[in-house]
1. Which lysines have a Cα lying under 26 Å from the Cα of LYS122, excluding residues fewer than 8 positions away in the same chain?
2. Using only alpha carbon pairs under 8 Å that are at least six residues apart, calculate the relative contact order of the stretch 12-150 and give it in whole percent.
3. How compact is the stretch 1-90 by the rule of thumb for globular proteins, expressed as Cα Rg over 2.2 N^0.38 Å?
4. Pairs of alpha-carbon atoms within less than 8 angstrom and 6+ residues apart define the contacts here; what relative contact order does the stretch 101-173 have, in percent?
5. Just how large is the dipole of the chain about the Cα centre, in debye to the nearest 20, putting +1 at every Lys and Arg Cβ and -1 at every Asp and Glu Cβ?
6. Give the long-range amide H neighbours of LEU158: residues separated by 5 or more places, or on another chain, with amide H under 5 Å away, using H modelled in the peptide plane at 1.01 Å from N.
7. Could you check how many percent of all C-alpha pairs in the chain are farther apart than 30 Å?
8. Take every Cα-Cα distance within the stretch 34-81, group them into 10 Å bins from 0 onward, and report for each bin the whole-number percent of pairs it holds.
Amino acid sequence: MADNRAEIMWQGKYITAVKDGKWEYVSRPNNISATVIIAIDDGHIILVEQYRVPIGKNCIELPAGLVGDQDAQEDVLLAASRELEEETGYRADTLENLGEYYSSPGMVSESFTLVRARGLSKISDGGGVDDENIIVHRVPLNLVREFIAQKQNAGIALDGKIFLLLSAYLLAE
């Protein structure tokens, strides 16, 4: 946690570069956080693929988005519902908060709330808003390892949270 030594080096609309003693890290201004959605539909997982400027290539990810970027008081489950619909075109009957996590706490102070979406209905094509150009993938759960390997072999990046889908395989002896 930053203390009184923390100094804002630069701030944009969505990120802030901070120096705190010897540490340099990135945070989100105005208490913006994120939500990441595990959306399971009839034995399939909903994944998204989109171009990510910082890495210069497409990336396979769980659907996700910012919480509080448009409304500082936004509820995390409402944000998850909005992001799921915008990115994937699916609406969930129920959303369950699975807790708060940090994806890279040595470099970024941002947290995300993991949300499970159930009872999905396809209401649109998805694809995101503005220029996001999101590709939606509905992958059978029993073929997730193969799908991820195929995408990785094709040079597509993988978001670290994809490990959630591979954990049983990775932890097997």
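1. The qualifying lysines are LYS151, LYS161.
2. Details: 286 pairs, mean separation 39.6, N = 139.
Relative CO of the stretch 12-150 lands at 28 percent.
3. Details: Rg = 16.1 Å, N = 90, 2.2 N^0.38 = 12.2 Å.
Taking N as the residue count of the stretch 1-90, the ratio is 1.32.
4. Numbers: 27 pairs, mean separation 13.6, N = 73.
Reported relative contact order: 19 percent.
5. Numbers: 16 positive and 27 negative charges, 93 e Å.
Once rounded to the nearest 20, the dipole reads 440 debye.
6. ILE60
7. On the way: 3035 of 14878 pairs.
Percentage above 30 Å: 20.
8. P(r) over the stretch 34-81, rounded to whole percents: 24, 41, 31, 4.
The values are calculated or read from the model by the stated rules, or taken from the named source; none is laboratory data. No experiment lies behind these values; they were computed from the predicted model shown. Ideal geometry is used to build each Cβ from the backbone, glycine not excepted, and the neighbour counts take in all protein chains shown. Heads up: the accessible areas ignore ligands, DNA and RNA and are worked out on the full protein's heavy atoms, side chains in. Shrake-Rupley method; radii C 1.70, N 1.55, O 1.52, S 1.80 Å.
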